[in-house]
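The block underneath contains the structure these notes are about, expressed in structure tokens.
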Amino acid sequence: HVMHYNSPSIQRYIVRILLILPMYTFFSWLSLQTPSVSIYLEIVRDIYEAFVIYSFLALVLEYAGGESTCFAR
């Protein structure tokens with residue numbers, strides 16, 4: 001998706017969703033290596049997870065035609 005970035009309105013959400021695996025893995029590994037700061041790393045990991053959920057919902061909305069189409073009166 002990054003190399004063939006021809007539909008940015010949809011692909012930016014897909015890239016954000018795909019990045020959860022390396023981010024979650026890295027923060028989990030770092031949390032195991034440094035238990036003293038693991039609570040802070042878990043907070044960052046949970047915030048990114050919430051951001052990915054938002055990105056997924058925005059992706060579904062974009063596939064449905066955008067906000068203006070879905071919320072038109």
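The values are calculated or read from the model by the stated rules, or taken from the named source; none is laboratory data. Bear in mind that the values here come from a model prediction, so they are computed numbers and not experimental data. So basically every Cβ, Gly included, is an ideal-geometry build from the backbone, and we count neighbours across all protein chains shown. The area values use the complete protein model at the heavy-atom level, side chains included, leaving out ligands, DNA and RNA. Shrake-Rupley method; radii C 1.70, N 1.55, O 1.52, S 1.80 Å.
Checked against (1) modelled with pLDDT under 90; (2) surrounded by fewer than 14 Cβ atoms within 10 Å (Cβ to Cβ), residue 47 meets all criteria but (1). Of all residues assigned to segment 20-36, at least one qualifies as being in contact (Cβ under 8 Å) with a residue 12 or more places away in the chain and closer than 25 Å to residue 67 by Cα.
Just to be sure I understand, how many residues within segment 50-68 are closer than 17 Å to residue 28 by Cα and either exposed (fewer than 11 other Cβ atoms within 10 Å of the Cβ) or in contact with a Cys (Cβ under 8 Å, 6 or more places away or on another chain) (or both)? The qualifying residues number 1.
Taking segment 1-35 as the range and being open to solvent by less than 100 Å² (accessible area, probe 1.4 Å) and polar (S, T, N, Q) as the test, the residues that pass are 7, 9, 11, 25, 28, 31, 34.
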